[in-house]
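Student: Quick one: the structure is below, and I'll ask about it shortly.
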Amino acid sequence: MYMRKEKMISVLIIGLFVGAGITSFKLIETAKADILINEGFETWPPAGWTNTGWLDSYYGSSHNGTHWAYSWANGDTLTTPSIAFGEDTELSFWYGAENAGHPMSLQVKLDNSLVVWSHVGFSHTSYLQAVVDLSSYSGDHTISFIGLTSDFYGQMLDDIMISYPNLPPVACFTWSDVDGTGPGTMITFNAGCSTDDYGISLYEWDWTNNGVYDYIGGPTASHDYGDANEHICALRVTDTIGQTNVISQTVQAVTNAEILDVDQSIFQRGFPIRHTTDGDWGGAQNFTPTIDYVTRVDVYIRKMGTPSWDLVAELRQGGPDDANGGTLMDTVVIPAASVSTSWTWFSIDFDDTAVGAGSDVFVVLPESPPGQPNSYGYEWGYTNGDVYQPGAFWFTRNGGGLWRDLPTMYEFCFRTYGYN
C-alpha cells in the first residue's frame, strides 16, 4: 500500500547482506519517520505496483499478517510506484527461503537498473530483515525486487518499508537589550533561527530556567528582568509531530546605571513661566554635562492658579531656541494637572540623548502660548549669584523673540541625570 504517514521505528539490530554473507550490522534508533511505503501485501496485487511473476502467499509463511509475496522463478520482478525520495531515505524489508535445502537469491534495483542490494544463496527459512541506505539518491525513483532463482521451491518477501527520518527540531534564539546600554532592563528574544524539517508549531519560554514555561507563543518574546544580573533563559520548541528540543542561554540586561550629574538645588524665589501684562515669560538654563548621555532633568517648579495650558520642556544643544543656534533634542509636554501648586522637584523624563561630555546643553521651559486669557501659569525656582559657573540663567519675556542670559546674577534650580 502506498502511503505517507509518521511512525515510530523501534530499536532493533538487523543484518546487512551483500553477496552471500553478512557484512555489517546497523542499529536503527527510535525516531520519528516519514513513511513513504509500508507494504505488507494484505491486498494483492499492491495498489500502484507492477508485478511480473511474484505470487500472493503461494507457499511459505508471512512475517506479519496473513499474506506475503512469493517467487520461484528467475526474473520475477515486483516494482513499487514512483517514490519521491527525501533526505536520508532508507529501505527495509523481510525475506526468507521456503526450504533450507534450496538456497535462493534476491536482488534489489533502483529504477530497475541499478543494483543497490543483493543476497545470493541464502537458505534461512525464518525471516531476516535487510536495510538498504538510499541516502545518496534523491528525486523520484522506483524500487524493484527481483528473484534470481528458478527452483521447485521459492522465497518469501514481506513488510517492505521505505522511509526517511523526520528529524527533531533544533532550538536556537538570539537576544538583545531593548534600550542598548540605557537604564532599562527589558530583553527581547527571537527564536527565528530555530529549525525543523517540517516546521515548528510551538515556542515555550522559561525566563529563569526553573522548568516552568512562563510564556507560550511565537518565536519572538520579551521579558523585563528588573535588574542587570545574569539570568538563564530556556527555550523549548516543538515540531508538528511533537518532537522537542530545549536550549538555554545566559542573558543579561546591558545597562549603565543612571547617575546624578549636575545639581543646583539652592532656592530663593520663583521666576514666572506665564503670560503677564508685560510679556510672555520663559526660562532656560544651560549646563555642561560631565557624562555623555542625558536621561532626565529635575526642575523645581510650582503651578500658579489653574493654567489653561500645559507646560512644555525642551532639551536643546547650543542655544535656548532655533534663532539662537539651539538644536532641539527632545520635547516633553507636562500636563497642568500633574504639577503641584506647592514647590516640588518635578522630573522630566527625556529620551536618552547622546550629548557628549563637555557640550553646551539647555533645559528650556518656553513661554506660554499666545492669547492666554489670564496670568495663570508656572514658576521655576532660582537663586541669586553665580553658584553654577559652567552654565547660566536665561530668560525671555517677549514671546521668545529675544533671549537674554544673566551668567553671574542667577541660576535656576535644576538637576541633570544620565550615564556614559
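Student: Would it be correct to say that T238 is among the β-branched types (V, I, T) and in a loop (DSSP other than H, G, I, E, B)? Don't jump to the end; show me each part of the working.
Tutor: Details: among the β-branched types (V, I, T): yes; in a loop (DSSP other than H, G, I, E, B): no.
For T238, the condition - among the β-branched types (V, I, T) and in a loop (DSSP other than H, G, I, E, B) - is not met.
Student: Now, a different point. Pull out all pairs, ordered by first then second residue, where Cβ-Cβ is under 6 Å, the residues are six or more apart or on different chains, the first lies in the stretch 388-409 and is modelled with pLDDT of 95 or more, and the second is surrounded by fewer than 21 Cβ atoms within 10 Å (Cβ to Cβ) and charged (D, E, K, R).
Tutor: Matching pairs, first to second residue: A392/D405; W394/D405.
Student: Right, next: Would you confirm, using the coordinates I've provided, whether I348 is hydrophobic (A, V, I, L, M, F, W, C), part of a loop (DSSP other than H, G, I, E, B) and touching a strand residue (DSSP E or B) at 6+ places or on another chain (Cβ under 6 Å)?
Tutor: no
Student: On to the next question. Restricting attention to the stretch 194-223, report how many residues are surrounded by 16 or more Cβ atoms within 10 Å (Cβ to Cβ) and β-branched (V, I, T).
Tutor: 1
Student: Which of the residues that make up the stretch 125-146 are closer than 17 Å to D88 by Cβ, in a loop (DSSP other than H, G, I, E, B) and touching a strand residue (DSSP E or B) at 6+ places or on another chain (Cβ under 8 Å)?
Tutor: Within the stretch 125-146, L134, S135, Y137, S138 qualify.
Student: Which of the residues belonging to the stretch 102-124 are part of a loop (DSSP other than H, G, I, E, B) and in contact (Cβ under 8 Å) with a residue 40 or more places away in the chain?
Tutor: H102, P103
Student: Of the conditions (1) buried (at least 19 other Cβ atoms within 10 Å of the Cβ); (2) under 51 Å from the mean Cα position of the chain (by Cα), Q155 satisfies every one except a single condition; which number is it?
Tutor: It fails just one condition, (2).
Student: If you go through the stretch 305-319 one residue at a time, do you hit one that is β-branched (V, I, T), touching a residue at least 40 places away in the same chain (Cβ under 8 Å) and more than 16 Å from Q285 (Cβ to Cβ)?
Tutor: Yes: one or more hits.
Student: How many residues are among the small types (G, A, S) and under 46 Å from the mean Cα position of the chain (by Cα) when one looks only at the stretch 91-136?
Tutor: So the count comes out to 4.
Student: Among G199, G270, G242, G226, which is the only one that is at pLDDT 95 or above and more than 26 Å from Q317 (Cβ to Cβ)?
Tutor: G270
Student: Could you identify the single residue in P272, P289 that is in a loop (DSSP other than H, G, I, E, B) and in the same structural domain as P373 (by TED's automatic domain parsing)? Lay out the reasoning, then the answer.
Tutor: On the way: P272 fails: in a loop (DSSP other than H, G, I, E, B).
One residue alone meets the criteria, P289.
Student: Identify the single condition in (1) in contact with a helix residue (DSSP H, G or I) (Cβ under 9 Å, 6 or more places away or on another chain); (2) surrounded by 15 or more Cβ atoms within 10 Å (Cβ to Cβ); (3) over 23 Å from L260 (Cα atoms) that D310 does not satisfy, given that it satisfies every other one.
Tutor: Single failed check for D310: (2).
The values are calculated or read from the model by the stated rules, or taken from the named source; none is laboratory data. Please read these numbers as outputs of a predicted model, since none were measured by experiment. Cβ coordinates were reconstructed from backbone atoms using ideal geometry, including for glycine residues, and neighbour counts include every protein chain displayed.
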